[in-house]
Amino acid sequence: MNSRQVTAKVKGVRDDIVTIQMLSNADGTPFPIIKNEVVHICPTRLGVEGRQEFLKAEVLRVRFGEADVQVFESTRGVAIGDPVEQTGHMLSVSLGPGLLGQVYDGLQNPLELIASQHGFFLPRGLEVSGIDPHQHWAFVPVVKIGAKVRAGDVIGAVQEGRFKHKIMAPFGLQGEAEVSWVQEGSFNVTTPVARLKTDRNEIEVTMQQQWPVRVPVSEPLLRAGNSKRLFPNEPLLTTIRLIDTFFPIARGGTACIPGPFGAGKTVLQSLISRFSDVDIVVIVACGERAGEVVETITEFPNMADPKGGSLMDRTVIICNTSSMPVAAREASIYTGITIAEYYRQMGNNVLLIADSTSRWAQAMRETSGRLEEIPGEEAFPAYLDSSVRALYERAGLIENNEGQRGSLTLIGTVSPAGGNFEEPVTQSTLRTVKSFLGLSAERAYKRAYPAVDPLLSWSRYLEQLSDWYSTHMGEDWVEQVKSMQKLLQAGEEIQQMMQVTGEEGVTLDDYITYHKAICLDQVYLQQDAFDPVDASTTVERQKALFHELLGCLTKAREFGDKEEVRAHYTKLTGLFRNLNYSRLHSPDYRKYEGEIKAT
Ligand code: ADP
């Protein structure tokens with residue numbers, strides 16, 4: 001089909017949902033159209049300065065001779081009878097060198113470029129290419145003429161900042177193809193660098209490829225057996241003690257952070273993206289208040305990367321404010337995931353933070369409402385659960401065509417209204433993810449940061465990765481961590497009791513347990529994001545600290561009265577906290593270590 005052919009006309013408009021009527025083919029039947037295809041609505045009423053606008057839309061539902069499409073822009077001025085062009089493509093992103101460091105909207109429009117040319121808001125109907133077509137990249141092929149390649153095989157590489165960006169054979173390539181021509185040199189992403197000959201035809205390969213966002217990049221490669229899916233077998237080390245030790249997230253795993261407003265969600269996310277042991281970070285800021293999103297884009301580029309340079313050099317931000325059209329908000333998560341999968345396929349460890357998936361689900365709810373679908377709980381569509389599951393299933397550990405491992409870890413935040421975790425989006429997410437870091441307003445109020453509630457949170461990875469822990473942290477690690485979780489629980493119960501009876505109402509033993517739990521909380525769980533040393537604790541240091549603290553908390557000790565108990569644990573807590581603030585093996589560190597041993 002000609003990519004600029006008018007094949008339908010507008011039949012009805014309701015907000016951003018437009019019903020289109022298919023025109024007839026030469027043989028008298030309606031033009032074919034498929035779900036998720038992208039069409040352009042071309043309003044006859046011209047835009048500013050008499051410009052013809054092309055409003056991008058995605059087909060949501062197809063009926064005989066008709067389709068409902070969702071427009072990614074305002075439908076102001078769209079009239080019955082306006083022509084509609086089909087593109088023959090699904091909603092796609094451009095994958096290639098030049099993605100890192102970019103800030104995109106949900107449809108991969110580069111926001112900085114647009115801001116410099118048009119001010120902060122993208123004029124309606126304007127499309128800007130996701131990858132700069134003017135930039136040149138030095139392409140070095142790794143295949144020779146005559147080589148056989150399959151989908152996802154590496155055919156060459158370019159240097160993208162500090163990364164070797166692999167150029168792979170098109171993910172949609174069927175079967176095996178022969179390299180019939182290849183060239184080395186400096187080119188932009190639209191110049192052919194190789195030609196591949198298949199049974200049926202010969203295709204030109206450039207450094208960029210288009211991929212439909214709703215289909216996982218890895219799907220055809222896994223299906224054809226070119227790549228493999230593996231079980232996550234090691235933790236994603238975040239250097240946040242509470243996460244790594246108590247509620248770990250696997251590399252290639254999934255986690256959820258629900259956060260009532262002000263509980264420290266933003267700080268926690270930025271700590272995770274900064275310090276986690278990953279190569280690339282993709283942030284999807286989806287539909288929060290505009291101010292917050294602006295904060296994300298202005299703060300991030302200035303953040304120093306613990307690995308050297310600026311954090312932005314290895315980050316991609318997808319950013320939609322709640323003032324942008326709802327459809328683009330819904331698409332933004334898929335755009336982010338597809339980019340993350342692309343870098344995973346090269347063998348990188350990628351972290352995707354989606355903030356917040358509640359806004360994404362609300363966008364889905366609005367669309368479903370406009371399509372008059374049968375609503376489920378709280379008017380969310382009945383398929384909410386399966387959509388959430390399908391989203392998180394795109395995380396995972398894979399072995400790529402070259403036998404290298406790549407991981408995509410997905411952390412989604414949810415923002416339940418009024419902190420009510422019973423609402424459908426939080427519930428669906430909890431059924432899907434394997435780690436839950438429940439931020440609590442109460443802990444934030446007490447300034448116990450990170451304000452993750454240890455009694456509410458859980459992680460299935462502690463058990464699942466037990467082999468890793470026995471090898472790297474110690475034979476009994478998982479058991480020891482669990483015993484410390486029990487201590488926290490016991491401490492909480494005693495505290496509740498004391499609120500009723502006062503300190504006199506509990507036994508000396510209970511009073512000791514209570515103080516041990518507080519000590520564990522203050523020394524180990526709480527961590528100061530704004531202290532240059534305490535902000536990030538390596539896993540080796542966590543191991544040493546954990547064993548040292550465990551020794552102190554399990555050592556048999558006689559106390560005369562409650563005052564002695566309090567004095568002892570207060571002193572111990574103070575020493576450990578000073579230790580946490582001291583550089584490893586510095587004179588201060590040794591001093592506090594010595595004092596702890598003597599206590
Ligand atoms: P939210 O995004 O949930 O509204 P923020 O992440 O902006 O909340 O946190 C609110 C404030 O709490 C921060 O400005 C900071 O003072 C404090 N805070 C949050 N997390 C930490 C932390 N890990 N360490 C120290 N202070 C923190």
Worksheet item: How do the pairs read when you match residues in segment 8-32 that are hydroxyl-bearing (Ser, Thr, Tyr) with residues anywhere that are assigned to a strand (DSSP E or B), using Cβ under 7 Å and keeping only pairs 6 or more apart or on different chains?
Response: Thr19/Lys11; Thr19/Gly12; Thr19/Glu66; Thr19/Asp68; Ser24/Pro30
Worksheet item: Taking Arg443, is it in a loop (DSSP other than H, G, I, E, B) and within 13 Å of the ligand (Cβ to nearest atom)?
Response: no
Practice prompt. Please name all residue pairs, on different chains or six or more residues apart, with Cβ atoms under 7 Å, provided the first residue is in segment 535-546 and is assigned to a helix (DSSP H, G or I) and the second residue is acidic (Asp, Glu) and within 16 Å of the ligand (Cβ to nearest atom).
Written response: Val539/Asp244; Gln542/Asp244
Fill in: Residue in segment 554-564 that is within 16 Å of the ligand (Cβ to nearest atom) and surrounded by fewer than 13 Cβ atoms within 10 Å (Cβ to Cβ) present
no
Response to the item:
The condition from (1) free of Cβ contacts under 8 Å to residues at least 40 places away in the same chain; (2) assigned to a strand (DSSP E or B); (3) more than 18 Å from Thr367 (Cα to Cα) that Ser94 misses is numbered (1)
Worksheet, complete the sentence: If we keep only residues of segment 270-289 that are more than 21 Å from Pro232 (Cβ to Cβ) and within 11 Å of the ligand (Cβ to nearest atom), then the residue nearest to the chain's Cα centre (by Cα) is Ser270
Item to complete: Look at segment 568-599 and say how many of its residues are farther than 15 Å from Gln526 by Cα, of a type in the set (Val, Ile, Thr) and under 37 Å from the mean Cα position of the chain (by Cα).
Response: 0
Fill in: Identity of the residue in segment 120-142, of a type in the set (A, V, I, L, M) and under 17 Å from Gln159 (Cα atoms), that ends up nearest to the chain's Cα centre (by Cα)
Ile131
Worksheet entry | Matching residues, segment 419-448, being more than 22 Å from the chain's Cα centre (by Cα) and in contact (Cβ under 8 Å) with a residue 60 or more places away in the chain | Ala441, Arg443, Ala444, Ala448
Item to complete: Could you please find all residues in segment 116-158 being in contact (Cβ under 8 Å) with a residue 24 or more places away in the chain, outside any loop (DSSP other than H, G, I, E, B) and among the small types (Gly, Ala, Ser)?
Response: Ala138, Gly156
Discussion item. Would you confirm whether or not segment 44-66 contains a residue that is touching a residue at least 12 places away in the same chain (Cβ under 8 Å), over 29 Å from the mean Cα position of the chain (by Cα), part of a loop (DSSP other than H, G, I, E, B) and buried (at least 18 other Cβ atoms within 10 Å of the Cβ)?
Written reply: yes
Worksheet entry | Yes/no for Glu178 being modelled with pLDDT of 95 or more, more than 17 Å from Arg344 (Cα to Cα) and among the charged types (D, E, K, R) | yes
Discussion item. Being buried (at least 24 other Cβ atoms within 10 Å of the Cβ), closer than 18 Å to Ser428 by Cβ and among the charged types (D, E, K, R) is the filter here; which residues of segment 339-379 pass it?
Written reply: Asp355, Arg359
Practice prompt. Could you run through segment 552-599 and say how many residues are farther than 25 Å from Leu487 by Cα, assigned to a helix (DSSP H, G or I) and in contact with a Lys or Arg (Cβ under 7 Å, 6 or more places away or on another chain)?
Written response: 1
Item to complete: Please state which of the following conditions Phe261 fails to meet, knowing it meets all the rest: (1) within 16 Å of the ligand (Cβ to nearest atom); (2) closer than 30 Å to Ser483 by Cα; (3) of a type in the set (Phe, Trp, Tyr).
Response: (2)
Worksheet item: What is the residue count in segment 510-534 for residues that are without any contact (Cβ under 8 Å) to a residue 40 or more places away in the chain and within 16 Å of the ligand (Cβ to nearest atom)?
Response: 2
Worksheet item: Taking into account only those residues within segment 362-386 that are small (Gly, Ala, Ser) and without any contact (Cβ under 8 Å) to a residue 24 or more places away in the chain, which is nearest to Val215 (Cα to Cα)?
Response: Ser386
Response to the item:
Scanning segment 232-272 residue by residue, those surrounded by fewer than 21 Cβ atoms within 10 Å (Cβ to Cβ), of a type in the set (Gly, Ala, Ser) and under 13 Å from Ile353 (Cα atoms) turn out to be Ser270
Worksheet item: Does Gln117 satisfy the condition of being within 17 Å of Asn320 (Cβ to Cβ), among the polar types (S, T, N, Q) and either surrounded by fewer than 19 Cβ atoms within 10 Å (Cβ to Cβ) or within 25 Å of the chain's Cα centre (by Cα) (or both)?
Response: no
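The values are calculated or read from the model by the stated rules, or taken from the named source; none is laboratory data. Remember, predicted model here, so these are calculated numbers, not experimental data. Methodologically, a virtual Cβ is constructed for each residue, glycine included, from the backbone with ideal geometry; neighbour enumeration extends over all protein chains shown.
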